[in-house]
Amino acid sequence: MANQGGGILTLSMSDTQSKENLEYWENRYKKRNFEWHIEEVHPQLLKYLSKLTQLETEETVEGSKAKKFFVPLCGKTKDIPFLLKLGFEVFAVEAIDSVVQELINENNLELTFDEKRSIYHDKDEQLKIYCGDLFKCPIEEYGPFDCIWDRASFIALDYSFRPSYIDMMKRSVGYGSENGVHNFRYLLQSVTYDKSNFAGPPRCVDAADIKEFFGLWADVTVLESNWVSLDHPCRRVNGYYEDDFFEEFHFFQPKN
Ligand SMILES: C[S@@+](CC[C@H](N)C(=O)[O-])C[C@H]1O[C@@H](n2cnc3c(N)ncnc32)[C@H](O)[C@@H]1O
């Protein structure tokens, strides 16, 4: 497959895997099994907003100060209306149409669907939601992004999707483009546990994974590593996963 950034990519997932992945998430929504969803703005987005945007949180975002956010695999996160209210531009991606509809209805968003681009958007395109498979999104048309907020996205996907996911993220900040790498800031939520006895999702991201997938193209800082309580929904799979389980937050910016 040709990369719009120029090179030739070896993508490690097949069409069948992509289809199965989307069916998996669609089924979870059908069964109303989306326990990762929270009805509030994510605490770590609030906590690190000024680090991510390089603006003071209370500062209103106008004109030249406006920042462009990328929210991959957005579900119906409350973070979207929150970022919009602050004046940021948001580009989000979600494959399941019914979830996008819920996001729209629950937040009284007035969006129109542009079938040609597969994009839901508001009047002035402050919000655009690409409704489709992330890996088919022509991301260069919407980037480069100043800020990326990945909550439960990288960890939602099968291990085999990781090279493709990283390729998308790199393209979203201008890697491989004529203009070169944009001055991005990227906050990633991940979880880590013993992979040998829990298949996920959420899928494990350990220090070696961070190094392998992000270390070559970004400066990496681990902001937090928190032990997750035993009854937390993300531990649930045939009962509750009982061994050590940590939620982590990583911060990436262009390599010096
Ligand atoms: C664990 S949920 C996280 C949702 C959201 N980030 C949040 O924090 O609430 C993962 C989401 O990714 C979506 N998804 C999974 N694979 C996708 C793909 N290849 N393209 C677009 N969306 C995808 C699912 O439908 C689901 O809404």
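Check the range 110-122 and report whether any residue there is assigned to a helix (DSSP H, G or I), within 16 Å of the ligand (Cβ to nearest atom) and charged (D, E, K, R).
Checked against the condition, which is being assigned to a helix (DSSP H, G or I), within 16 Å of the ligand (Cβ to nearest atom) and charged (D, E, K, R), the range 110-122 yields no hits at all.
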Out of all the residues in the range 69-125, which are under 21 Å from Leu45 (Cα atoms) and free of Cβ contacts under 8 Å to residues at least 12 places away in the same chain?
-> Lys85
Scanning the range 19-48 residue by residue, the ones that are more than 14 Å from Pro202 (Cα to Cα), touching a residue at least 12 places away in the same chain (Cβ under 8 Å) and part of a loop (DSSP other than H, G, I, E, B) total 5
Pick from the range 23-37, criterion surrounded by 14 or more Cβ atoms within 10 Å (Cβ to Cβ) and within 19 Å of Gly132 (Cα to Cα), ranking: nearest to the ligand (Cβ to nearest atom) = Trp25
Considering every residue within the range 59-82, establish whether at least one is farther than 26 Å from Gly174 by Cα and either in a strand (DSSP E or B) or at pLDDT below 90 (or both).
-> yes
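Let's see how each residue does on (1) at pLDDT 95 or above; (2) surrounded by 19 or more Cβ atoms within 10 Å (Cβ to Cβ); (3) among the aliphatic types (A, V, I, L, M):
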position: Val100; (1), (2), (3): yes, yes, yes
position: Lys116; (1), (2), (3): yes, no, no
position: Asp122; (1), (2), (3): yes, no, no
position: Lys136; (1), (2), (3): yes, no, no
position: Glu141; (1), (2), (3): yes, no, no
position: Phe154; (1), (2), (3): yes, yes, no
position: Tyr186; (1), (2), (3): yes, yes, no
position: Gln189; (1), (2), (3): yes, yes, no
Filtered residues of the range 143-185 (kept if more than 14 Å from the ligand (Cβ to nearest atom), touching a Lys or Arg at 6+ places or on another chain (Cβ under 9 Å) and at negative phi) | Gly143, Pro144, Phe145, Asp146, Cys147, Ser177, Val181, Arg185
State the number of residues belonging to the range 214-246 that are modelled with pLDDT of 95 or more and among the acidic types (Asp, Glu).
-> 2
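The values are calculated or read from the model by the stated rules, or taken from the named source; none is laboratory data. All values derive from a computational prediction rather than experimental measurement. Here the Cβ is made from the backbone with ideal geometry for all residues, glycine too, and neighbour counts use every protein chain on show.
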